[in-house]
1. Give me the extension gain from Ala74 to Arg43: residue separation times 0.36 nm, minus the current Cα-Cα distance, reported in nm with one decimal.
2. What list of ³J(HN,Hα) values in whole Hz, one per residue of the stretch 84-99 in order, does the Karplus curve 6.51 cos²θ - 1.76 cosθ + 1.60 (θ = phi - 60°) give from phi, with Gly and Pro shown as x?
3. Based on the mean of other beta carbon atoms within 10 Å per residue, what is the order of 56-65, 7-16, most packed first?
Amino acid sequence: MHDHDIERVAAVAEGRLTGSDLVAAEAAIASCDRCARDLEDQRLALTFMGQAAQPAMTQLERVSLHRAIRQATAPKSSRWVRLAPAFAAAAALVAVLGVASLLGRGGGGDIESAAPATVVSTTSAATSK
């Protein structure tokens, strides 16, 4: 009884066997009509596949592929580098608040004492004339 080994048929059709392995495989295939037909079909399919035109990429596909490759191979920045602008903004805010706090304390620290003692109203003087 003969087993129909499609892998052996494919190996012969693709030219992957040499020497005694090739001779043994060809003998086994020749002794079986089904294997012989499979070998012929495999060789025919390989011939047609070899003659088929290779698909061409469009310019858009090529650009998209290159962009994806660049993004995939670009060095990744660390988390600290990505957060540096946020840390800088926070430090600037702390500095501004610190300076504002120091300036506010210059007159004794009391807002009411920094206000003028008398307020001159210009509207009442203008209406009384």
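1. Answer, rounded to one decimal: 6.8 nm.
2. 4, x, 5, 5, 5, 5, 5, 5, 5, 5, 4, 5, 5, 5, x, 5
3. 7-16, 56-65
Bear in mind these aren't lab numbers, they're just calculated from the coordinates by the rules spelled out. For clarity, every value in this text was computed on a predicted model and none was experimentally measured. Please note: Cβ atoms are built from the backbone with ideal geometry, for glycine as well, and neighbour counts cover all protein chains shown.
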